[in-house]
Every structure is written in C-alpha cells, then in structure tokens.
Amino acid sequence: MNGVSGRMGYRQHLLRSILAIREQGGVLLADGSRVQVEPMLVGRSKEKLAELAAKHGIEHYTDSLDEALANPDFPIYADFLVTTKRVEAIKKAIAAGKHIYTEKPTAESFDDALELARLATAAGVKNGVVHDKLYLPGFQKLRRLIDSGFFGRILSVRGEFGYWVFEGDWQPAQRPSWNYRAEDGGGIVSDMFAHWNYVIENLFGRIDSVYARAVTHIPSRVDEAGATYTATADDAAYAIFELEDGAIVQLNSSWAVRVNRKELVEFQVDGTLGSAVVGLFGCRIQPRNATPKPVWNPDLPESHDYFQDWIEVPDNDAFENGFKVQWEQFLRHVLEDAPYEFDLLAGARGVRLSEEGLRSSAEGRRIQLPAVSL
Ligand SMILES: NC(=O)c1ccc[n+]([C@@H]2O[C@H](COP(=O)([O-])OP(=O)(O)OC[C@H]3O[C@@H](n4cnc5c(N)ncnc54)[C@H](O)[C@@H]3O)[C@@H](O)[C@H]2O)c1
C-alpha cells in the first residue's frame, strides 16, 4: 500500500477497507471460505510508517518501494500517491509482476493511462481502479430505479457537485494545496471527470461527446505552510456530456460554490415515466402519474410547494463503505477470477474525458469521443 499516509490512503484504503476486511476475518469468496489480507505499508518516511504500523498492529512496512516489490509474499501493488507520482510507480509494479489496484486518475495524460492499461494486459496482471461513487447509497438506489424500469426513456441528467473550499488565508483550506496547482496534478476536471466517466458509463451509457468550460475562479490561495501561491489549476467546470443514445448529461463541478442543496452532490434524472433526485445518501422520486401541472403565471405568487411532490426512496438495505466493497470486489477478482470491469482501460477512459474536457474548454468546442480499445 503505497502512499498510505495520505488522506485517501489512510482513511479510506487502510482504515475503512483493508483493516476492516482484516477485522471481519478476511474477504469472503464464492465458496464461503475467507482469505485474510496482510498489508505492507510503503512510503517516504519510515518514522511515519512505523507510527502507523504500531498504532494498527501492522507487521510490515518499508520506505523502499523496490524492496516491497521484490517481496513475492505481496502479490498486489496498491497506489494512493499524489497523481503525478503514479505512472512511474505502477510501471515498476507491473514490471515486478504485481497485480495493480489504484486510485484515480490513473495518470495525468490519456497516453500514459492507456500505456498502463496496455502494459498490465501484456504482463497478464489483474488491474483495478477506484470507482467509489457508484457505491454511494444514493447512487445504488438510482441503480435500482434504472434496473426496475422506473424512468422509461432517460432524457437528461443534471448534476451539481461542489462546495466552498476555503482559500486558506483566514481559515485553513479543507483540501490539499496540490489540488489547485496544475503542475502538481491538481484541477477539478482531472479530479472529478475521472469519476463522472465511470458514473455516467455505468448508470446511463457511453459518452459520445463532451463540451466543457473549465475556469479558475479563485486565482490565489494559501498553502499548508501559510505561503500564498498562484492557483494554476481549474477550480470549477461546467460540462455537457452527450450519450450514445441521445441523453444529455449536464454536470457542474465546483470548489467555489456555496451549498444550497441537501447534499454535496445531487443528480436529477428526468425520464419519460418518472424523475429522481439522488445525492450521496438520499433519493427522491416523482412518477409520471404524480407529476403536477404547473402553469407559468408571473402575476401570481407561487402557492405550490414543489418539494412536497417527491417521495423518499427507502434504504431497504445496509450500505457498506464503498471503498471496502471495491477492495473486496478486486480481491475476489485476483483470488478467484470474479468478473471485474473497472480496470486500467476504464481508468484510461476517465483520464481521456478529463483531457478532452480541458481541450474543449481551451478550444471552445464540443469534442467527439470515439470508443477506446487497447
Ligand atoms: N476516490 C476519491 O474519491 C478520491 C478523493 C480524493 C483524492 N483521490 C486521489 O487519491 C490520490 C491521493 O490524494 P489525497 O487527497 O489522498 O492526497 P494527499 O496529499 O493527502 O496524499 C498523497 C500521498 O502521496 C504521497 N506523496 C506526495 N508527494 C510524493 C512524492 N513526491 N513521492 C512519493 N509520494 C508522495 C504523500 O506522502 C501521501 O501519502 C490522488 O491521486 C487523488 O486524485 C481520490
């Protein structure tokens, strides 16, 4: 586990996933047996790793990636590094014959992302990329609605993602400063389009074209050490994705917006037979048969409460942490060849969406996205 001291590496991958799987006695296989997991922590600071290892009773840690990769007892390499360091590390791991599991985006450029997919395929190693948003309870309820035929034909999706990220001057920023520097792999397009690609592909269909406008609303921020820096990366993106079947997905992603919705992400899906509004947890629906008939009249104050026309979808399930579910899915893929579709090629499609989104913004035009293959 490389980069395990970081925000994602520590909280989501070590604590909420690997240690949680270890605590439950390992990953459950199809035949009912369990396989236990044994992490090795890898990072730059031996002291930090020693502290983490002692805190969580972990036996193996090292500040040498080469040493970790040379150890045949550890067949999976997992990468949670800052994005700029990922390609080099994953290439080494593939060359060492390790199976690969990684955070997104898999690379900074589509060429690099595709090369990783090709190298892993040629080496015959299993490979997987994080796709956590699909496991959010709200999105799982959306999946259920789609599977049940609730929407009829899906016409459009409009999504809002974002919140105010403090500039770091009078209150510390709640995200790492590299997120706002293009030269360090930052930017909301690179960060979020990698998610939007698998979310849209998996729930609504293949993306045929993208039009995006990416901007840097806040030009200067203050970093973790209190130093002012120039924000060279985009902090908001306004995008339209057209799907193969004609549905339109319009998504705003922003770190410079104040939240006026129930959750930090909300998608409204409109179909011929019904509509839904989903967030991280919640999901409200309005079927065709219960749709009110508004009439535009600017002379009369609004008397109808439109929010009351929506029905809350019940959980009907216990939703587990998405990062843990993904890890179990990938471990089963490695251990018993369970089906798995979120591989490095899928990750590369996400990187391409970011790259073409930025190109669309720079050139002010819509960009076609032909199918990608190895
Ligand atoms: N799936 C998600 O929802 C999600 C959310 C946030 C971030 N991410 C992704 O996770 C990755 C890590 O993001 P984070 O927010 O945890 O960042 P972070 O800054 O908290 O952690 C980065 C890690 O990389 C290590 N690192 C930094 N510079 C390095 C260098 N020069 N050489 C080697 N290691 C170095 C750090 O020590 C740390 O362990 C990024 O690729 C990011 O895009 C994913």
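The values are calculated or read from the model by the stated rules, or taken from the named source; none is laboratory data. Computed from a prediction, not measured in an experiment: that's the story for all the values here. A quick note on method: Cβ atoms are made from the backbone with ideal geometry, for glycine too, and the neighbour counts reach across all protein chains shown. Only protein heavy atoms, including side chains, enter the accessible area calculation; ligands, DNA and RNA are left aside. Shrake-Rupley method; radii C 1.70, N 1.55, O 1.52, S 1.80 Å.
Below are the figures for this structure:
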read-out: Filter result (within 17 Å of the chain's Cα centre (by Cα) and among the acidic types (Asp, Glu)) within the range 192-245; value: 201, 235
read-out: Qualifying residues in the range 193-218 (those that are aliphatic (A, V, I, L, M) and within 20 Å of residue 110 (Cβ to Cβ)) - the one modelled with the lowest pLDDT; value: 194
read-out: Boolean, residue 330 is under 30 Å from residue 284 (Cβ atoms) and either part of a helix (DSSP H, G or I) or touching a strand residue (DSSP E or B) at 6+ places or on another chain (Cβ under 6 Å) (or both); value: no
read-out: Members of the range 86-136 that are within 16 Å of the ligand (Cβ to nearest atom), among the basic types (Lys, Arg) and assigned to a helix (DSSP H, G or I); value: 86, 91, 92, 133
read-out: Single condition residue 83 does not satisfy, out of (1) within 13 Å of the ligand (Cβ to nearest atom); (2) more than 21 Å from the chain's Cα centre (by Cα); value: (2)
read-out: Verdict on residue 234 being open to solvent by 90 Å² or more (accessible area, probe 1.4 Å) and out of contact with any His (no Cβ under 8 Å at 6 or more places or on another chain); value: no
read-out: Number of positions in the range 177-231 that are part of a loop (DSSP other than H, G, I, E, B) and surrounded by fewer than 21 Cβ atoms within 10 Å (Cβ to Cβ); value: 13
read-out: Hits in the range 285-302 (condition: part of a helix (DSSP H, G or I) and either open to solvent by 90 Å² or more (accessible area, probe 1.4 Å) or modelled with pLDDT under 95 (or both)); value: 288, 289
read-out: Residue satisfying all of: in the range 5-43; within 16 Å of the ligand (Cβ to nearest atom) and touching a Gly at 6+ places or on another chain (Cβ under 6 Å); least open to solvent (accessible area, probe 1.4 Å) among these; value: 9
read-out: The range 303-327, residues that are more than 15 Å from the chain's Cα centre (by Cα) and either modelled with pLDDT under 95 or assigned to a loop (DSSP other than H, G, I, E, B) (or both); value: 303, 304, 305, 310, 313, 314, 315, 316, 317, 318, 319, 320
read-out: Enumeration of residues in the range 335-374 that are closer than 24 Å to residue 136 by Cα, of a type outside the set (D, E, K, R) and buried (at least 18 other Cβ atoms within 10 Å of the Cβ); value: 342, 344, 345, 346, 347, 348, 350, 351, 353, 354
read-out: Residue satisfying all of: in the range 284-313; hydroxyl-bearing (Ser, Thr, Tyr) and in contact (Cβ under 8 Å) with a residue 12 or more places away in the chain; farthest from residue 267 (Cα to Cα) among these; value: 291
read-out: Verdict on residue 185 being within 13 Å of the ligand (Cβ to nearest atom) and at positive phi; value: yes
read-out: Those residues of the range 255-284 which are more than 30 Å from residue 181 (Cα to Cα) and in a strand (DSSP E or B), in sequence order; value: 268, 269, 270, 271, 274, 275, 276, 277, 278, 283, 284
read-out: When residues of the range 138-173 are limited to those that are surrounded by fewer than 20 Cβ atoms within 10 Å (Cβ to Cβ) and of a type in the set (D, E, K, R), the one nearest to residue 255 (Cα to Cα); value: 167
read-out: Search result, residues across the range 70-80 that are open to solvent by 10 Å² or more (accessible area, probe 1.4 Å) and within 13 Å of the ligand (Cβ to nearest atom); value: 80
read-out: Which numbered condition residue 282 misses (of (1) modelled with pLDDT of 95 or more; (2) open to solvent by 30 Å² or more (accessible area, probe 1.4 Å)); value: (2)
read-out: Residue within the range 240-248 that is among the aromatic types (Phe, Trp, Tyr), assigned to a strand (DSSP E or B), open to solvent by less than 20 Å² (accessible area, probe 1.4 Å) and farther than 26 Å from residue 311 by Cα present; value: yes
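Per-residue answers, yes or no, for (1) in contact with a strand residue (DSSP E or B) (Cβ under 8 Å, 6 or more places away or on another chain); (2) open to solvent by less than 20 Å² (accessible area, probe 1.4 Å):
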residue: 45; (1), (2): no, no
residue: 50; (1), (2): yes, no
residue: 55; (1), (2): no, no
residue: 63; (1), (2): yes, no
residue: 67; (1), (2): no, no
residue: 84; (1), (2): no, no
residue: 101; (1), (2): yes, yes
residue: 104; (1), (2): yes, no
